[in-house]
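For reference, the structure is listed below as structure tokens.
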Amino acid sequence: MTALRERVDKAADFIKSRTKVKPEVAIILGTGLGALADEIKDKEIIPYPQIPAFPTSTVIGHAGQLALGTLGRKSVVAMQGRFHRYEGYSLEEVAFPVRVMKTLGAKALIISNAAGGMNPLFKAGDLMIISDHINLMGDNPLIGVNDEKLGPRFPDMSQPYDRKLIALAEEVAGEEKIKVQKGVYVAVSGPNLETAAEYRFLRFIGADAVGMSTVPEVIVAVQSGMRVLGISCITDECLPDALKPADIKTIFKIAAKAEPKLTKLMSEVIQKL
Ligand code: HPA
């Protein structure tokens, strides 16, 4: 057994010893987009530092926790706090919790993020269903010794985002009268925001939105056979020829404002899975 699978099993065994919840759905929420986790009922909380082999937080006081319980009729596990490449974690660490949640039984991953909108038709506050992605992090969570029990060495990526889940999200958005865009998400390492030339380049290569997360977790989820739905909250308009200085406070404010519709969309989708 590889050292990685040993760590995954150790973390999963510990969580199983602490809760009876057998999650069907895994949830990872973006910066300022965490309200869905507050709606989990009969909630059991496990702080990350208690979980053996889990990545340890570099930021004191922001360790994060797993929340297990039920959302409507579904058993779920949600990460409250995620790991980012720019904090210094390797991508294997960033995506480690996905492997643990899969081992706990989760067959689907619902993941959100805050992202810069480069498609000129997108407005700050829009939601974008991710149709595909580009990995420009310059790294990959699957680099290293491969354990076939965790997934194949060369996983297919022809359709990382599940077509049926995309259709379901569009259907729910229509029913709930939530405006949604659809497009390609490109992941960069960050932490600086992009230059105008970089936004121009990222748009040119086919991306609609840019952010600093999600892709490592999705690659690992797909490798392990999970169905994935990803939704970006467009927090700023990144048009290279009309670029204003990015203001992180405004980005948080826009995310907070768009959050209720994202939470509604995700919780309805989870009910209908
Ligand atoms: N770039 C990268 N990440 C982001 C952005 C951006 O413009 N906006 C929100 N997250």
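The values are calculated or read from the model by the stated rules, or taken from the named source; none is laboratory data. Just so you know, these numbers come straight off a predicted model, no measurement behind them. Backbone-built Cβ (ideal geometry, glycine too); neighbour counts: all protein chains shown.
Every condition in (1) within 12 Å of the ligand (Cβ to nearest atom); (2) modelled with pLDDT under 95; (3) within 20 Å of Gln159 (Cβ to Cβ); (4) of a type in the set (A, V, I, L, M) is met by Leu273 except one, and the failing one is (1).
With respect to Asp9, is the statement that it is over 14 Å from Thr70 (Cα atoms) and in contact (Cβ under 8 Å) with a residue 40 or more places away in the chain true? Judged against the criteria, Asp9 is a match.
Within the stretch 138-145, is even one residue in a loop (DSSP other than H, G, I, E, B) and either of a type in the set (Asp, Glu) or buried (at least 23 other Cβ atoms within 10 Å of the Cβ) (or both)? Checked the stretch 138-145: at least one residue is in a loop (DSSP other than H, G, I, E, B) and either of a type in the set (Asp, Glu) or buried (at least 23 other Cβ atoms within 10 Å of the Cβ) (or both). Counting only strands (runs of 3 or more DSSP E) that sit wholly inside the stretch 161-273, those with at least 3 residues that are closer than 30 Å to Thr70 by Cβ are 180-187, 227-237. For the stretch 83-92, the candidate set comprises residues that are of a type in the set (D, E, K, R) and farther than 10 Å from Glu217 by Cα; within that set, the residue that is surrounded by the most Cβ atoms within 10 Å (Cβ to Cβ) is Arg85.
Looking at Thr235, is it modelled with pLDDT of 95 or more and at positive phi? Against the criterion (modelled with pLDDT of 95 or more and at positive phi), Thr235 does not qualify. Report yes if some residue within the stretch 59-79 is surrounded by 16 or more Cβ atoms within 10 Å (Cβ to Cβ), modelled with pLDDT of 95 or more and assigned to a loop (DSSP other than H, G, I, E, B); otherwise report no. No, the stretch 59-79 contains no residue that is surrounded by 16 or more Cβ atoms within 10 Å (Cβ to Cβ), modelled with pLDDT of 95 or more and assigned to a loop (DSSP other than H, G, I, E, B). Number of residues in the stretch 1-52 that are part of a loop (DSSP other than H, G, I, E, B) and within 21 Å of the chain's Cα centre (by Cα) equals 12. Here is the figure for the stretch 210-225: residues that are touching a helix residue (DSSP H, G or I) at 6+ places or on another chain (Cβ under 9 Å) and either within 11 Å of the ligand (Cβ to nearest atom) or modelled with pLDDT under 95 (or both) total 3. Does Val180 satisfy being within 15 Å of Lys264 (Cα to Cα) and either at pLDDT 95 or above or surrounded by 12 or more Cβ atoms within 10 Å (Cβ to Cβ) (or both)? Yes; evaluated as a whole, the condition is true for this residue. Screening Tyr199 against (1) within 12 Å of the ligand (Cβ to nearest atom); (2) more than 26 Å from Pro120 (Cβ to Cβ) leaves a single unmet condition, (2). Given the conditions (1) under 15 Å from the mean Cα position of the chain (by Cα); (2) under 30 Å from Lys74 (Cα atoms); (3) assigned to a loop (DSSP other than H, G, I, E, B), report the number of the one that Asp132 does not fulfil. The one condition Asp132 does not meet is (3).
Does Leu109 satisfy the criteria of being modelled with pLDDT of 95 or more and surrounded by fewer than 23 Cβ atoms within 10 Å (Cβ to Cβ)? It is false that Leu109 is modelled with pLDDT of 95 or more and surrounded by fewer than 23 Cβ atoms within 10 Å (Cβ to Cβ). From the list Val188, Val218, Val222, the lone residue that is closer than 23 Å to Asn119 by Cα, touching a residue at least 24 places away in the same chain (Cβ under 8 Å), in contact with a Pro (Cβ under 7 Å, 6 or more places away or on another chain) and surrounded by 19 or more Cβ atoms within 10 Å (Cβ to Cβ) is Val218.
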